[in-house]
Amino acid sequence: MIENMIKFTPAHSDKSDTLYISRKKYVSGNTCINLIDAVDHCPYMCATINVDGLDDNEVAIKNYSENEGILSVLIEEGIVKEPHRYVHSGFVRIPICELC
């Protein structure tokens with residue numbers, strides 16, 4: 001399901017990209033948020049990761065590496081709420097957010 005569009009500027013760039021939000025489900029049933037380039041309609045990034053223990057209305061946001069900064073954009077655009085807890089995965093803390 002394709003939803004609204006957002007603007008995202010990668011951490012090491014000054015160019016802003018326009019992206020569509022597409023919500024799908026992982027095999028586990030957790031919600032997956034994909035971002036699709038609005039110009040060429042190619043996949044841009046997956047904003048979520050699949051972790052165990054999520055409620056139906058929760059997502060785990062990948063806000064590190066090439067996704068750095070996507071959490072604040074998703075909050076500003078009303079896609080997710082502020083993180084209400086975190087889980088650890090390797091060397092990173094994964095923010096868990098409720099969907100709006």
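The values are calculated or read from the model by the stated rules, or taken from the named source; none is laboratory data. Remember, it's a predicted structure, so these values are computed and weren't measured experimentally. A quick note on method: Cβ atoms are made from the backbone with ideal geometry, for glycine too, and the neighbour counts reach across all protein chains shown. All accessible areas refer to the heavy atoms of the entire protein, side chains included, with ligands and DNA or RNA removed. Shrake-Rupley method; radii C 1.70, N 1.55, O 1.52, S 1.80 Å.
Relative contact order for the range 1-65 using alpha-carbon pairs under 8 Å, separation at least 6, rounded to a whole percent?
Details: 117 pairs, mean separation 14.4, N = 65.
Dividing the mean separation by the residue count of the range 1-65 yields 22 percent.
With r defined as the distance between the Cβ atoms of K81 and K24 and R0 fixed at 22 Å, what FRET efficiency is calculated, to the nearest 0.05?
Numbers: r = 20 Å, r/R0 = 0.91.
Working from the Cβ atoms, E equals 0.65.
How much of the accessible area of the range 1-99, in percent, comes from carbon and sulfur atoms when a 1.4 Å probe is used? Could the numbers behind the result be given before it?
Working: 2980 of 5780 Å².
That share works out to 52 percent.
Need the list of aspartates and glutamates near K81 for cross-linking: C-alpha distance under 19 angstrom, and skip anything on the same chain fewer than eight residues off.
Cα-Cα hits under 19 Å: E3, D55, D56, E58, E68, E98.
Can you tell me how much longer the chain between E66 and F91 gets when fully stretched, taken as 0.36 nm per residue apart minus their C-alpha distance, in nm with one decimal?
Working it through step by step, the gained length comes to 7.5 nm.
Between the range 65-92 and the range 26-45, what is the C-alpha centre distance in whole Å?
15 Å
List the trypsin sites (Lys or Arg not before Pro) within the range 9-46 that fall in a DSSP loop (any state other than H, G, I, E or B) and whose Cβ has at most 16 other Cβ atoms within 10 Å. Let's see the in-between values first.
Working: sites: K15, R23, K24, K25; in loops: K15.
Listed in order of number, the matching sites are K15.
Using DSSP loop states and a limit of at most 16 other Cβ atoms within 10 Å to flag GluC sites (Glu not before Pro), what is the longest stretch of the chain containing no flagged site?
1-67
Between D55 and M5, what is the FRET efficiency for a Förster distance of 25 Å, r being their Cβ-Cβ separation, to the nearest 0.05?
0.40
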